[in-house]
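All remarks here apply to the structure that follows.
The values are calculated or read from the model by the stated rules, or taken from the named source; none is laboratory data. Fair warning: this is a prediction, and the values are worked out from it, not measured in the lab. Because the Cβ atoms are built from the backbone with ideal geometry, glycine has one as well, and the counts that use them run over all protein chains shown.
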Amino acid sequence: MDIFQYGEKEVAYLKKKDKKLGLAIDRIGPIRRQVIPDLFEALVNSILSQQISSKAAATVWNRMLECLGAITPAAIAKASLEDIQQCGTTFRKAKYIKEIGETVFSGELDLEELKQLPDQQVIERLVSLNGVGKWTAEMLLIFSMQRPDVVSWGDLAIRRGMMNLYGLTSLSPEQFARYRRRYSPYGSVASLYLWELAAETPVKKEPAKKAAQSKV
């Protein structure tokens, strides 16, 4: 299993820049998150996984592997919409996957070229594909291309993790941008920990006790 790679350099930097995040990193320890290095496979997997459970997505993925033999642009371009849909996905998702397979197979989109582009240009190229939004593109940057500095405003769990970490009841875009700059250039590692923190129950602050009035 391929996992997102980071080490002491990134951890030390984040702990130096943000003491609260540093304490969380020490408490949580190393995080192993699976990545899919092949960008085309990752694209197909991300579309299949939309709005269904991880278990259901894994089932559909395995059926597709059995049906097509491999998840490649050539295999997808050759397959019919019915072939893809019969793996257990919706017609709409099958159509997205078929279109992406044909686009990459024809050379209209060169996924290898994306590896040389900065994050924002990669996002712009990916969101031009039907079925791929900005959040999906940002997740592909992390969990396929292993780009080091991605913190997604569009990810509800990321925002919840920030709120839990800093004891906030709300989070403005300006606050989010300030924290994201603080984590840079290792925002993706910060994101891994923010996802973990999002699952934790926030500590409720006790109301300050009023000072007892002295009797006259």
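Numerical summary
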| quantity | calculated |
| --- | --- |
| Among (1) modelled with pLDDT of 95 or more; (2) crowded, with 17+ Cβ neighbours inside 10 Å; (3) not acidic (D, E), the one test that Q120 misses | (2) |
| Which numbered condition Q146 fails, given (1) at pLDDT 95 or above; (2) exposed (fewer than 13 other Cβ atoms within 10 Å of the Cβ); (3) not acidic (D, E) | (2) |
| Residue in segment 100-117 that is among the basic types (K, R) and within 17 Å of the chain's Cα centre (by Cα) present | no |
| For A137: the one exception among (1) modelled with pLDDT of 95 or more; (2) in a loop (DSSP other than H, G, I, E, B) | (2) |
| Failed item in (1) outside any helix (DSSP H, G or I); (2) modelled with pLDDT of 95 or more; (3) within 18 Å of the chain's Cα centre (by Cα), with G131 passing the rest | (2) |
| Members of segment 84-117 found to be among the acidic types (D, E) and either crowded, with 16+ Cβ neighbours inside 10 Å or within 29 Å of A56 (Cα to Cα) (or both), listed by number | E99, E102 |
| Residue within segment 38-48 that is surrounded by 18 or more Cβ atoms within 10 Å (Cβ to Cβ), more than 17 Å from T136 (Cβ to Cβ) and of a type in the set (A, V, I, L, M) present | no |
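Residues checked against (1) among the charged types (D, E, K, R); (2) in contact (Cβ under 8 Å) with a residue 24 or more places away in the chain; (3) closer than 30 Å to L114 by Cα; (4) assigned to a helix (DSSP H, G or I):
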residue	(1), (2), (3), (4)
A157	no, yes, yes, yes
R160	yes, yes, no, yes
L165	no, yes, no, yes
T169	no, no, no, no
